[in-house]
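Note sheet for the following structure.
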Amino acid sequence: MPFYHAVTDFCPVHIKYLYQPRSIQQFKEDLDFLLENYQSISLQELIALNKEGKAINKNYFHLTFDDGLSEFYAVVAPILKEKGVHATVFLNTDFIDNKELFYRFKASILFEQLKDKSILSTSYNEKEQLDELAIQHGINFEDYLQKEQPYLTSDQIKELIGQGFTFGAHSKNHPIYNELSYEEQLAQTKESMKFITSKFNLDYSVFSFPFTDNGVSLSFFDKVSNFTDITFGCAGLKEDNAPNNFQRIAMETDKSGKEIIKGEYLYYLMKEKVGKHKIIRQ
Ligand SMILES: [Zn+2]
């Protein structure tokens, strides 16, 4: 299960200092490699396979995209339709329709102008400092949102659902879960899931953890299993003792898709030898 954020030949300022998105050419090459070796399945098929719990005798893949970015509508979806590839997009409910900006994106925008490295290490709990800094330097995030439209709109999401793409939640405003209380973790998950499934009339419910699911407890997974089919982390090729939690492979590196996937398998086999191929939660 590979995961991406954006695909673009022109990296926008809000992403520029955070990670390197795939270019269109790189993304197409990733897809060609995946399609040569694996069969694309829909989210509904993945949920059904997981429910059956039987051994899978075929190589499948399902693509996922975090953060609900507008490049999925403009760039990614047309390529996926052409190649017949399924995908799920995970949305932060506070950001849909360009209502608010992810604090890490604010940091990237501020860094572009101020070139102060400490801005990029601002944590979720310090995020208000970014708003203060923007006011001090006359940077208006509201204007940026309206001009750049980084996020998918509700209408685009509805259109994409009509084309067969699937959607899930990625929390409300992208906190780091291991810095939240158990109650806050549940609220961020529950409220964002409820919003997405009711607003877009979905008959499935999936969630991907913002940043990482590192440190999230088994009792959390037990609780959310009441209202989610599957949850997704991003620890690479790894098993997980939390039921219905799938780990995904990050594709935004400087390597080719083939190198990334092969590397993950090799690394998995090495980890398996020393029993580190599985995440054991308490
Ligand atoms: Zn994210």
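Would you mind checking the radius of gyration and Dmax of the range 1-60 based on alpha-carbon positions, in Å?
That works out to 15.5, 45 Å for Rg and Dmax.
Compute from the Cα atoms of the range 209-270 the Rg and the Dmax, the latter being the longest Cα-Cα distance, and quote both in angstrom.
Calculated on Cα positions, Rg and Dmax stand at 13.4, 39 Å.
Can you list the residues, at least 5 places off or on another chain, whose amide H is less than 5 Å from the amide H of Leu91, using H built in the peptide plane?
For Leu91, whose amide H was placed from the backbone, the distant partners under 5 Å are Gly168, Ala169, His170.
For each pair in Lys158/Lys194; Lys28/Lys262; Lys199/Lys223; Lys28/Lys83; Lys106/Lys172, compute the distance between the two Cα atoms and list the pairs where it is over 21 Å. Mind dumping the intermediate values first?
On the way: Lys158/Lys194 17 Å; Lys28/Lys262 18 Å; Lys199/Lys223 23 Å; Lys28/Lys83 9 Å; Lys106/Lys172 16 Å.
Cα-Cα > 21 Å for Lys199/Lys223; rest within.
Could you work out Rg/(2.2 N^0.38 Å) for the range 130-280, with Rg from alpha carbons only?
Taking N as the residue count of the range 130-280, the ratio is 1.24.
Taking every Cα atom in the chain, find the radius of gyration and the maximum pairwise distance Dmax, and write them in Å.
Gyration radius and largest Cα-Cα distance of the chain: 18.6, 59 Å.
Given contacts defined as C-alpha pairs under 8 Å and at least six residues apart, what's the relative contact order of the chain, whole-number percent?
Worked out over the chain, it gives 20 percent.
Given the rule -39500 (n - 2.57) for each run of at least 4 DSSP H residues, summed and divided by the residues of the chain, what is its mean residue ellipticity at 222 nm, to the nearest 500 deg cm²/dmol?
After summing the helix terms and dividing by residue count, I get -12000 deg cm²/dmol.
Would you kindly calculate the translational diffusion coefficient of the range 79-169, applying Stokes-Einstein with the Kirkwood radius from alpha carbon pairs, for 10 °C and a viscosity of 1.306 mPa s, and quote it in µm² s⁻¹ without decimals?
It comes out at roughly 106 µm²/s.
Mind checking which of Glu252, Glu29, Glu52 has the largest fluctuation in a GNM of the chain, springs on alpha carbons under 10 Å?
Largest GNM mean-square fluctuation: Glu52.
In a Debye calculation with equal point scatterers on the alpha-carbon sites of the range 113-154 and no solvent, what is log10 I(q)/I(0) at q = 0.20, 0.26 Å⁻¹?
So the normalised log intensities are -0.77, -1.03.
In terms of the Cα gyration tensor, with a ≥ b ≥ c the square roots of its eigenvalues, is the range 9-140 rounded because a/c is under 1.5, prolate because a/b exceeds b/c, or oblate?
Prolate.
Run the numbers on the range 219-282 and let me know its relative contact order in percent, using alpha-carbon pairs under 8 Å that are six or more apart.
After rounding, I find 32 percent.
May I ask you to list the chymotrypsin sites (Phe, Trp or Tyr not before Pro) in the range 105-156 that are in a DSSP loop and have at most 13 other Cβ atoms within 10 Å of their Cβ?
On the way: sites: Phe105, Phe111, Tyr124, Phe141, Tyr144, Tyr151; in loops: none.
Here no chymotrypsin sites (Phe, Trp or Tyr not before Pro) fit, given the DSSP loop and packing criteria.
Every number here is computed from the coordinates shown, using simple stated rules; none is lab data. Only a predicted model underlies this, so the values are computations on that prediction, with no experimental measurement involved. When we count neighbours, we look across all protein chains shown, and the Cβ atoms used for this are built from the backbone with ideal geometry, even at glycine.
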